[in-house]
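S.K.: Below is the structure I would like to discuss, written out as structure tokens.
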Amino acid sequence: MIVGDRLLMFHRNNGQPVRDSDGMPITVPASGVPMQATVTEVINEDTVNLTAVDVTGKTFHEAHVVVLRLDDPLPRGGRYALRIDDTSIHPQATQFGR
């Protein structure tokens, strides 16, 4: 994974107000609906910083987002991302939306 890679970010908000990593309020779609995201920094092989676009079209920043691997059984934490190529075959894409 490199800076500029595109991802799909998911946020399990359970109807609660959400703030991005900078503390700004954002509007996320229903749990399981992805948002377009772009890697801005690679922390390690499965954790990145990214920018994404919320449902109102506002760009926001998220730090330390876990990118699920194909063999990860459950999302870790309330926000996670999938590689775009993995969404058609990843079990979480089926369970939490495509």
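Just so it is clear, none of the values below were taken in a lab; they were calculated from the coordinates. Please read all numbers here as calculations on a predicted model, not as lab measurements. Cβ coordinates were reconstructed from backbone atoms using ideal geometry, including for glycine residues, and neighbour counts include every protein chain displayed.
S.K.: Where in the stretch 17-32 does the amide nitrogen come within less than 18 Å of the point 7 Å from the Cα of E41, taken along Cα to Cβ?
M.R.: Residues 20-24 fall inside that zone.
S.K.: Now a separate question. Along the Cα→Cβ direction, 7 angstrom out, place labels at T51 and A63. What is the inter-label distance in nm?
M.R.: The answer from the label model is 1.7 nm.
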